[in-house]
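Structure record follows, encoded as structure tokens.
The values are calculated or read from the model by the stated rules, or taken from the named source; none is laboratory data. Because the structure is a prediction, the values reported are computed rather than measured. Cβ atoms come from the backbone with ideal geometry, glycine included; neighbour counts cover every protein chain shown. Just the protein is used for accessible areas: all its heavy atoms, side chains included, with ligands, DNA and RNA removed. Shrake-Rupley method; radii C 1.70, N 1.55, O 1.52, S 1.80 Å.
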Amino acid sequence: MSRSGQKVLGTASADGSSRLWCIETAGCLLQYLGHKGSVNSIRFHPVQDLVVTGSGDQTAHVWKAQITVPPHQEKHQSSGEDEVSEKEDADTIFEQADTVQDPLVVRTPVLELHGHTGAVVAADWLAGGSQVITASWDRTAVLYDTETGDVINSLTGHDQELTNVCTHPTQKLVVTSSKDTTFRLWDFRDPSMQLNVFQGHNQPVTSAVFAGSDKVVSGSDDRSVKVWDLKNMRSPLATMRTDSAVNRLSVSPNQLIIAIPHDNRHIRLYDINGGRIGRLPRSSRSGHNRMVCSTTWDDESAVCNLFTCGFDRQVIGWHINPQKKDKDAKE
């Protein structure tokens with residue numbers, strides 16, 4: 001999700017492209033075609049019209065996202081209710097790329113970041129936006145200066161491929177996750193760079209993300225999601241056990257709701273204390289029909305505030321009202 005105030009959603013695809021979408025109209029505004037391999041992640045700069053993407057071509061690209069969002073238009077909602085319900089239809093608004101009329105095409109990055117010997121699976125902006133951190137299958141994370149493209153630091157220590165990297169919204173903190181069953185917290189606030197290793201899972205950690213200012217949420221192929229306190233990460237504050245491997249989860253910035261995408265096509269919602277909110281539909285009429293690989297939130301959007309993407313090549317927008325829990329949702 002764009003953090004510069006525009007209602008724009010970014011998607012990354014194995015077809016080698018990245019797209020920027022208008023949330024209100026579901027129209028594709030821009031395609032980025034600068035990579036030579038699959039695009040594995042996309043993140044917006046905190047304040048500028050810049051995007052960083054990580055790719056299977058072993059690079060990360062910084063490129064301009066200077067787009068014009070169409071004026072607000074009333075959009076038909078697929079249901080009049082907001083609650084999470086098995087009877088609810090999704091607001092599926094990003095399914096058909098072929099219906100898009102002439103999006104802007106960008107092929108040249110502002111900056112190309114080199115330094116990895118394996119696919120770049122994720123890239124993110126450090127707080128302030130002057131540095132980018134990448135995670136790779138070469139088992140390293142690399143910190144770059146975005147003015148020059150120079151490597152500032154190469155972070156080593158993971159025993160297997162990295163799966164994701166996430167930065168803190170306001171502090172120079174980074175969390176990397178790996179197939180080695182650990183996630184690591186890197187603290188760049190101190191020149192000596194403090195490091196903490198966490199071994200709370202027994203299968204690959206597919207993602208670890210910051211929640212609010214003082215928590216981390218981790219998800220794993222061991223079918224569990226755990227909430228950790230940054231001040232005391234010896235044991236989790238909460239553990240959620242599910243029936244399927246967990247992919248790239250997300251936490252809503254304001255309400256701290258965890259959206260968990262699963263291999264079995266489910267998307268489950270929990271509060272930050274581990275309480276179950278519900279499960280999104282997975283029917284012939286709505287929901288994904290293949291594994292769900294990622295989720296992201298936009299708490300301020302009136303149209304859709306949760307977005308999910310899957311191997312079915314769909315991006316689905318949902319309107320979630322956490323005040324209306326689905327008590328009948330089946331686990």
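Listed values, structure above:
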{"read-out": "Filtered residues of region 306-321 (kept if buried (at least 20 other Cβ atoms within 10 Å of the Cβ) and part of a loop (DSSP other than H, G, I, E, B))", "value": "H319, I320"}
{"read-out": "Answer from N247, N196, N202, N153 - the residue that is farther than 22 Å from G56 by Cβ, out of contact with any Leu (no Cβ under 9 Å at 6 or more places or on another chain) and open to solvent by 10 Å² or more (accessible area, probe 1.4 Å)", "value": "N202"}
{"read-out": "Some residue of region 101-108 being open to solvent by 10 Å² or more (accessible area, probe 1.4 Å), of a type in the set (A, V, I, L, M, F, W, C), farther than 21 Å from L195 by Cβ and in a loop (DSSP other than H, G, I, E, B)", "value": "no"}
{"read-out": "Any hit, region 184-203, residues being more than 17 Å from P253 (Cα to Cα) and under 17 Å from the mean Cα position of the chain (by Cα)", "value": "no"}
{"read-out": "Looking only at region 139-150, and only at residues there that are over 21 Å from the mean Cα position of the chain (by Cα) and among the charged types (D, E, K, R), the one that is least open to solvent (accessible area, probe 1.4 Å)", "value": "D145"}
{"read-out": "Scan of region 183-217 for residues that are polar (S, T, N, Q) and over 26 Å from D271 (Cβ atoms), ordered by number", "value": "S192, Q194"}
{"read-out": "When residues of region 214-244 are limited to those that are of a type in the set (A, V, I, L, M) and assigned to a loop (DSSP other than H, G, I, E, B), the one least open to solvent (accessible area, probe 1.4 Å)", "value": "M233"}
{"read-out": "Residue tally, condition more than 12 Å from V205 (Cα to Cα) and open to solvent by less than 20 Å² (accessible area, probe 1.4 Å), over region 167-184", "value": "4"}
{"read-out": "Residue in region 121-138 that is surrounded by the most Cβ atoms within 10 Å (Cβ to Cβ), counting only those that are more than 14 Å from the chain's Cα centre (by Cα) and farther than 21 Å from V47 by Cβ", "value": "S136"}
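A quick yes/no check of all residues on (1) buried (at least 21 other Cβ atoms within 10 Å of the Cβ); (2) of a type in the set (A, V, I, L, M, F, W, C):
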residue: V251; (1), (2): yes, yes
residue: P261; (1), (2): yes, no
residue: I267; (1), (2): yes, yes
residue: D271; (1), (2): no, no
residue: R282; (1), (2): no, no
residue: S286; (1), (2): no, no
residue: T295; (1), (2): yes, no
residue: E300; (1), (2): no, no
residue: C304; (1), (2): yes, yes
